[in-house]
1. Mind scanning 45/79; 112/159; 112/192; 79/182 and naming the pairs with a C-alpha gap bigger than 18 Å?
2. How large is the charge dipole for the chain, taken about the Cα centre, if only the Cβ atoms of Lys, Arg (+1) and Asp, Glu (-1) carry charge, to the nearest 20 debye?
3. Where nothing but the Cβ of Lys and Arg (+1) and of Asp and Glu (-1) is charged, how large is the charge dipole of region 50-169 around its Cα centre, in debye to the nearest 20?
4. At R0 = 25 Å, how high is the FRET efficiency between residue 79 and residue 46 if r is their beta carbon distance? Nearest 0.05 is fine.
5. Could you tell me the extents of region 25-97's C-alpha atoms along the three principal axes, largest first, rounded to whole Å?
6. Round to the nearest 10 and give me the degree value, 0 to 90, for the angle of helix 202-213's Cα axis relative to the longest principal axis of the chain.
7. If you fit an axis through the alpha-carbon atoms of helix 57-69 and take the longest principal axis of the Cα set of the chain, what angle between them do you get, 0 to 90°, nearest 10?
8. Show that you can apply the helix-only estimate: for the chain, add -39,500 (n - 2.57) for every DSSP H stretch of four or more residues, divide by all residues, and state [θ] at 222 nm to the nearest 500.
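Quick note: the coordinates plus some simple rules give every number you see, no bench work behind them. This structure is a prediction, so every number in the text was calculated from the model and none was measured. Don't worry about glycine lacking a Cβ; one is built from the backbone with ideal geometry, like all the others, and counts go over all protein chains shown.
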Amino acid sequence: MLISCLDAYNFLNEHKDLCPDIKIEYLPLSLPDQYAFDEKYLQQKKYAIALVGNQETTMKSFFERYVTEHPEVTYVYRKNDNGEFKYYTNSSDSPIGGGIREDYVNIIRSSKVTLYATSMLYGARDGHKNFNHVTPRFLELLAAGCHVLCRYIPNEDTKHFELEKFCPSIELYQQFEMLMDKALKETIEIDKYASYLKKHYTSVRAQQLKEILSR
């Protein structure tokens with residue numbers, strides 16, 4: 001059985017009685033090669049910040065305070081419009097995109113900064129252990145050439161995906177403001193992004209899967 005979350009994989013290894021007859025292997029999530037990083041995306045930036053997908057409560061509150069104190073900042077946000085998700089900017093009442101994946105990809109490629117939080121911060125369901133899983137969205141945001149401001153609970157999964165390499169876990173508004181100011185002024189480190197993402201494309205995972213199956 002393949003497990004994509006290192007947090008869950010370690011838990012199962014520590015509690016082998018839960019699945020004594022099942023062999024488990026760790027195979028991390030990945031970014032499809034078709035969404036590979038290209039430095040040309042850095043020339044497409046026209047929005048300062050993009051909020052895509054569900055937003056973790058604390059980071060959203062930091063963002064809302066920041067844009068209130070910095071009204072000149074342009075940002076993209078998603079809202080439910082008569083049962084359909086659409087993207088808007090703070091400077092226009094007309095949608096710039098809908099719920100299709102192509103619109104999502106175009107918006108993050110057109111934005112300088114995005115926010116990301118790992119799953120545990122959204123709260124565990126009653127009666128279930130909640131694993132702190134790094135999702136492909138983190139890779140998608142990097143591949144789009146975005147600065148990514150993060151909030152997470154450090155664990156083996158966040159270490160494997162090296163979140164600290166791109167952003168410390170943000171706990172205070174002052175920290176958020178400082179990192180946001182810095183991100184809006186600076187361009188990303190192209191070589192750093194490219195070399196990191198090369199380790200996480202689906203073609204790499206396919207090779208890792210072949211190795212697992214050959215054992």
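1. Result: 45/79; 112/159; 79/182 exceed 18 Å.
2. On the way: 27 positive and 30 negative charges, 70 e Å.
I would put it at about 340 debye.
3. 140
4. Calculated value: 0.80.
5. On the principal axes, region 25-97 reaches 45, 31, 28 Å in Cα extent.
6. Taking Cα atoms only, the helix is inclined about 10 degrees.
7. That helix lies at roughly 20 degrees to the long axis.
8. -10500 deg cm²/dmol
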